[in-house]
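The values are calculated or read from the model by the stated rules, or taken from the named source; none is laboratory data. As the structure is a prediction and not an experimental result, all values here were calculated from the model. Note that we place each Cβ from the backbone using ideal geometry, even for glycine, and neighbour counts take in every protein chain shown. Each accessible area value is taken on the protein alone, full model and side chains, heavy atoms only, with ligands, DNA and RNA left out. Shrake-Rupley method; radii C 1.70, N 1.55, O 1.52, S 1.80 Å.
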Amino acid sequence: MKVAVLIKQVPDTTARISIAGGSVDEGSISKWTISPYDEYALEAALKLQSESGAKVVAITLGPQRSSKSLIDAAAVGADELIHVLYEGSSGSLSLQGALAAAVRKSEADIVLAGKQAADTNSGSTAPGVAQMLGLPCVGLVSEVKAVDGNFVATRSTSSGMERVSVNGPCVFAFDKGDEELRRPNVRGIMMAKKKPIESLSPADLGVSMEDGGVNVESVGYPPEKPAGQTFQGAASASEVVTKLREEANVI
Amino acid sequence: MSVTIVSEPHEEGMHPTLPQLVKAASVIGESCTVIIPGGNGADEASKIQGVGKVIKLNGACFSVFDSSTWSAAISGLVDGTVLMATTPVGRELSASIAAGLGRSVVQDVTSIAPGIKVERPAYSGKAVESISVSGDAVITIRPNAIESAESGGSADVSTVDSGEDLRIAVLEAIAKAGERLDVSEADIIISGGRGLGDRSNFEKLESVADSLGAAVGASRAVVDEWGLPHSMQVGQTGKTVTPSLYIAVGISGAIQHLAGMRSSRYILAINKDPEAPIFGVADYGIVAQWEDALPILHEAIKSLP
Amino acid sequence: MGYEALDFYDVDSLLTDEERMIRDVVRDWVDESVIPKIENACREGVFLDEWRQELGGMGILGAPLKGYGCPGLSYTAYGVICRELERGDSGIRSFASVQGSLAMYPIWDFGSEEQKEKYLPGMASGELIGCFGLTEPDYGSNPGDMVTKAEEDDDHYILNGAKMWITNGTIADLAVVWAKLDGVIRGFIVEKGDEGFSAPEMKGKHSLKASVTSELVFQDCKIPKDRILPGVKGLRGPFSCLNNARYGISWGAVGAAQSCFDSARSYAMSRIQFDHPIAAYQLVQNKLAWMLREITKAQLLAYHLGVKKDSGEWVPEHISLAKMNNVDIALEIARVARDIHGANGILDEYPVMRHMANLESVKTYEGTHDIHNLILGRHITGIQAFTREA
């Protein structure tokens, strides 16, 4: 069995984001990491590796610096590494197309991914890639097991959790998993460098990168929060709740 | 420009985000078609002003969420721009529909204007993207970011039957064993401090937490004195948290506690002492006895649509 | 905001990719497994067993040693590991220093093949804990005059004497003990359970509380003949070990200083007095700028020492300079950091006073500050000034 894991390199979630001239200043980002939900997917893949002898192929799409995320994946045990090298930005259609083509090339049987990336916070990649590969998608997964040629996953629903089964190939999008990504040890780190990275351009995969009708015109800071407001007396609580809903949009 | 809204099933009838989506449709198009998978609430939907027609999409497959199957059933009925709500179902389904139709998807927009121009948060809310969407894209809109359309319409309701087969089988439902979120994971946290007076008063915070899907936290003082689990402690030697909303009840705001929560996006503080340091960082400060304010807060939360 | 390690001159950009990955693994481990537990461990005076397991699991024990299941990393990597561990606590780094440089190293360099195969793999994985018995109650800076004795008896050696201030002693599975055999200092491996050997813990410490410090007591302690380290005689044996440990400490002290700086800076930015954060006042800025200066200098010293260690072009005096300087400034930085924290600095809400107390030990052990001073003095002048005799 071969498990493809889609991983994305993102700014560390505690990093300060500096914006200049209408876009994020990448030079100011002090630390890049694998997107946290992708880490849960990678850990699940490594469990399939140890439980079922599956081969794990880690796939990333991004600029040159993204190869570090593949090295990190190799350090914890990923067997094969594919880097779809792309320096620009594009709409979801092309990005998903390139990833789907890379998955096809890897000949993976199932695909694991995080539910959403920590930078875009969108959550479109897993279901979009599934659709392009003609596979079903199961989202908000915390666990996946291989059982007699099928896959059994635990996913969240609005009323709790449920266990579902899917025959054959499928895409699973991970929410917080049961297990955190294992820590690499020194041996893994030193061996990681020896694993070759297959580097492909979108053109190599037969995909042309277009914006698909979506153009990010600028990125800015969120509007300054209004100054803190103080209210006297318990009765003001209902006014505050209205403000939390309408002004702050947090409930 | 034509707009199709794809709603989602909701136990109590029409999904509460539908009037917001209709309002958004009216900003960018003439009239909209509403597709309701499973059909529940179609009549109610037809009464929203601005709805051109409602399609009840019936099918056995809508009893289980399966985005690839649902999008196969829905895609053929879609015309023009597609608007959906950014819910767990909406995110997954919209992406599946978009990919299936060869379109791009833009998720979680908080404003929409003709053009089509949208804004959406990124980097966990640390940045805002301004995006122009041309052609027939699929857009999901954050719930409660846009006001609702008025009622008073009377659209046609038609029925379409779908024979798609599910590709996901549910083996068993596992009810969440009442596990409350940990403070480090929650998007909303309600915390208590010495001002609560007694450990038993944490139950009152817990019931507010239940209404909000929030985690319950505590200051170090009460963790030490009342023997609360250390996992609840927010502060210098507890956890540093960055929720969208932090509600501090009966917490004065000593520097060690602030260190743990001051990066929260919004802070609401309830304290009887107007000089309490927590008011220096709160976005919304209520100077009142928490025993009086909290029940009012809770009622107001429960009666939000 | 998580921990931010001060690196004003980007010294870490000089590391290799692997050294940076190792740094990140240890730093994350400290964040997850040390920081949440260290204050309690300190209060209770315990070194948690899970730390031993996790350090072994990461594969960082005995970092610069090659073969026998050891990591085989550069000395620079070893330094980085020590720095990140000591950012957590000097006691954690002491465990690793003793295990790697003082217990594994002598077996690796001076032991027989059988000894290496018997002990090194288990020590690398953390299953076996080692310790180093050189210092005695009456012989600290003057180890050469030690009185612990080994005598031959048929197929055994009999050890008599006592060692003191031995990190890991009470929890150790084996001890590398230096004793005089016919007046010549030799190394002996004593195992837990050997007849006549006990390792009581020393209690009542105000420093290195999350670390086990012990006495080693030998009362007609009988060990088989194959326990002697064949490869070395005289003080060269223990001093080689100490050089390696001191090297790691020169990096470790930087970590402790970085931790204190990070805490002081954060505190100064949030503590408001007279309507402004105290970071806005000149005297506080002076202190923070001084800390930044000293940490940057210490980082460069440690880094270049690592380069020299890895190239083989070093002498012990190079290590004396770095150990002495970096620990000295780290202790001063901890004190000034405590001062910046005001009264809050005495609470274990903040790490500064724990680092301050620890660094008192670090300044004294592995060669006191003054001894290293005289090592440099002898190097400069050719005249030894340790003793009153010629």
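Quick test for you: out of C:G100, C:G72, pick the one residue that is at pLDDT 95 or above, of a type outside the set (A, V, I, L, M), in contact with a strand residue (DSSP E or B) (Cβ under 9 Å, 6 or more places away or on another chain) and surrounded by fewer than 23 Cβ atoms within 10 Å (Cβ to Cβ).
Matching residue, one of C:G100, C:G72: C:G72.
Being buried (at least 24 other Cβ atoms within 10 Å of the Cβ) and either within 14 Å of chain A (Cβ to nearest Cβ) or in a helix (DSSP H, G or I) (or both) is the requirement here; does B:L83 meet it?
Here the answer is no, as B:L83 does not meet what is asked.
For region A:205-251: of the residues being of a type in the set (D, E) and farther than 28 Å from A:G88 by Cβ, which is modelled with the highest pLDDT?
Taking the candidates together, the pick is A:E239.
Which of the residues spanning region B:160-200 are in contact with a Leu (Cβ under 9 Å, 6 or more places away or on another chain), open to solvent by less than 60 Å² (accessible area, probe 1.4 Å) and not in a loop (DSSP other than H, G, I, E, B)?
B:V160, B:I188, B:I189, B:I190, B:S191, B:G192, B:L196, listed by residue number.
Would you check which residues across region A:32-73 are of a type in the set (V, I, T) and outside any helix (DSSP H, G or I) and list them?
Residues of region A:32-73 that are of a type in the set (V, I, T), as a first pass: A:33-34, A:56-57, A:59-60, A:71.
Within region A:32-73, A:T33, A:I34, A:V56, A:V57, A:I59, A:T60 qualify.
Just a yes or no: is a residue in region B:171-193 at pLDDT 95 or above, among the β-branched types (V, I, T) and over 21 Å from the mean Cα position of the chain (by Cα)?
Looking for residues that are at pLDDT 95 or above, among the β-branched types (V, I, T) and over 21 Å from the mean Cα position of the chain (by Cα), one finds none in region B:171-193, hence no.
What is the residue count in region B:47-66 for residues that are part of a loop (DSSP other than H, G, I, E, B) and surrounded by fewer than 18 Cβ atoms within 10 Å (Cβ to Cβ)?
The qualifying residues number 3.
Can you tell me which residue within region C:324-372, out of those that are part of a helix (DSSP H, G or I), within 14 Å of chain B (Cβ to nearest Cβ) and open to solvent by 40 Å² or more (accessible area, probe 1.4 Å), is farthest from C:C131 (Cα to Cα)?
C:A343
Quick one: which strands (runs of 3 or more DSSP E) sit completely within region A:74-179 and have at least 2 residues that are modelled with pLDDT of 95 or more, within 11 Å of chain B (Cβ to nearest Cβ) and touching a helix residue (DSSP H, G or I) at 6+ places or on another chain (Cβ under 9 Å)?
Because the criterion is at least 2 residues that are modelled with pLDDT of 95 or more, within 11 Å of chain B (Cβ to nearest Cβ) and touching a helix residue (DSSP H, G or I) at 6+ places or on another chain (Cβ under 9 Å), the strands (runs of 3 or more DSSP E) in region A:74-179 that meet it are A:137-147, A:171-174.
Just one of (1) touching a helix residue (DSSP H, G or I) at 6+ places or on another chain (Cβ under 8 Å); (2) at pLDDT 95 or above; (3) open to solvent by less than 20 Å² (accessible area, probe 1.4 Å) trips up B:V118, so point out which.
Just one mismatch for B:V118, condition (1).
Would you say C:G193 is touching a strand residue (DSSP E or B) at 6+ places or on another chain (Cβ under 7 Å) and of a type in the set (G, A, S)?
Here the answer is no, as C:G193 does not meet what is asked.
Could you check region C:136-152 and list, in sequence order, the residues that are in contact with a helix residue (DSSP H, G or I) (Cβ under 7 Å, 6 or more places away or on another chain) and open to solvent by 40 Å² or more (accessible area, probe 1.4 Å)?
C:Y139, C:S141
Just for region B:124-159: of the residues that are more than 10 Å from chain A (Cβ to nearest Cβ) and part of a strand (DSSP E or B), which one is least open to solvent (accessible area, probe 1.4 Å)?
Filtering region B:124-159 for residues that are more than 10 Å from chain A (Cβ to nearest Cβ) and part of a strand (DSSP E or B), the one least open to solvent (accessible area, probe 1.4 Å) comes out as B:I141.
List the pairs whose first member sits in region B:140-162 and is closer than 11 Å to B:L18 by Cα, whose second member is among the hydroxyl-bearing types (S, T, Y) and crowded, with 17+ Cβ neighbours inside 10 Å, and whose Cβ atoms are under 6 Å apart, counting only residues at least 6 apart or on separate chains?
B:P143/B:T17
For region C:21-65, which positions are in contact (Cβ under 8 Å) with a residue 24 or more places away in the chain and facing chain A (nearest Cβ under 10 Å)?
C:I22, C:V25, C:V26, C:W29, C:E54, C:G56, C:G57, C:M58, C:G59, C:I60, C:L61, C:A63
Any residue in region B:233-247 that is at positive phi, within 12 Å of another protein chain (Cβ to nearest Cβ) and under 21 Å from the mean Cα position of the chain (by Cα)? Walk me through it before giving the result.
First, pick out the residues of region B:233-247 that are at positive phi: B:235.
Now drop any that are not within 12 Å of another protein chain (Cβ to nearest Cβ), which leaves B:235.
Among the residues that remain, those that are also under 21 Å from the mean Cα position of the chain (by Cα) are: none.
No: zero hits.
Which one is surrounded by the most Cβ atoms within 10 Å (Cβ to Cβ), of the residues in region A:206-241 that are more than 25 Å from B:I116 (Cβ to Cβ) and more than 7 Å from chain B (Cβ to nearest Cβ)?
Filtering region A:206-241 for residues that are more than 25 Å from B:I116 (Cβ to Cβ) and more than 7 Å from chain B (Cβ to nearest Cβ), the one surrounded by the most Cβ atoms within 10 Å (Cβ to Cβ) comes out as A:V207.
Within region C:134-171, work out how many residues are part of a strand (DSSP E or B) and out of contact with any Ser or Thr (no Cβ under 8 Å at 6 or more places or on another chain).
Of the residues in that region, 9 qualify.
Scan region B:216-233 for residues that are more than 14 Å from B:D198 (Cα to Cα) and open to solvent by less than 50 Å² (accessible area, probe 1.4 Å) and report the count.
4
For residues in region B:273-297 being within 10 Å of chain A (Cβ to nearest Cβ) and surrounded by fewer than 20 Cβ atoms within 10 Å (Cβ to Cβ), which is nearest to the chain's Cα centre (by Cα)?
If we take residues in region B:273-297 being within 10 Å of chain A (Cβ to nearest Cβ) and surrounded by fewer than 20 Cβ atoms within 10 Å (Cβ to Cβ), then B:P295 is nearest to the chain's Cα centre (by Cα).
Would you check if there is a residue in region B:97-117 being assigned to a helix (DSSP H, G or I), over 19 Å from the mean Cα position of the chain (by Cα), more than 7 Å from every other protein chain (Cβ to nearest Cβ) and touching a residue at least 24 places away in the same chain (Cβ under 8 Å)?
Scanning region B:97-117 turns up at least one residue that is assigned to a helix (DSSP H, G or I), over 19 Å from the mean Cα position of the chain (by Cα), more than 7 Å from every other protein chain (Cβ to nearest Cβ) and touching a residue at least 24 places away in the same chain (Cβ under 8 Å).
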